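These notes are about the structure you will find just below.
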Amino acid sequence: MPESESELALHKQRITELESTLMHFQNDYDALNEVVLENANRLEAMSALIKQLTARIDSASTETPPRKLEDEKPPHY
């Protein structure tokens with residue numbers, strides 16, 4: 001049973017709309033993927049910085065002896 005020309009035209013139009021929608025979804029996916037990759041790179045950089053700062057804090061806290069409150073001068077001196 002062959003389809004009429006109007007039915008074929010409707011199917012072609014629907015396919016074109018679906019292809020267009022798919023193209024928009026693909027563009028959105030690509031843009032979101034780029035953002036995810038940028039955030040992953042930022043997260044790695046921040047993690048490395050946190051490790052460096054933690055190491056500096058740890059080394060600074062072990063190098064200086066704790067100060068005694070009795071040894072501190074009052075603020076008005």
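Each row is one residue, and each column tells you yes or no for (1) of a type in the set (A, V, I, L, M); (2) surrounded by 10 or more Cβ atoms within 10 Å (Cβ to Cβ); (3) assigned to a helix (DSSP H, G or I); (4) touching a Leu at 6+ places or on another chain (Cβ under 6 Å).
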| site | (1), (2), (3), (4) |
| --- | --- |
| Thr21 | no, yes, yes, no |
| Gln26 | no, yes, yes, no |
| Glu38 | no, yes, yes, no |
| Arg42 | no, yes, yes, no |
| Leu49 | yes, yes, yes, no |
| Arg56 | no, yes, yes, no |
| Thr62 | no, no, yes, no |
Completion exercise
Out of (1) surrounded by fewer than 10 Cβ atoms within 10 Å (Cβ to Cβ); (2) at pLDDT 95 or above; (3) β-branched (Val, Ile, Thr), the one Thr16 does not meet is (1)
Practice task
Go through (1) surrounded by 10 or more Cβ atoms within 10 Å (Cβ to Cβ); (2) polar (S, T, N, Q); (3) at pLDDT below 95 one by one and return the number of the condition Ser4 breaks.
Solution key: (1)
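The values are calculated or read from the model by the stated rules, or taken from the named source; none is laboratory data. Predicted, not measured: the structure shown is a model, and the values here were computed from it. No Cβ is skipped: glycine too gets one built from the backbone with ideal geometry, and neighbour counts run over all protein chains shown.
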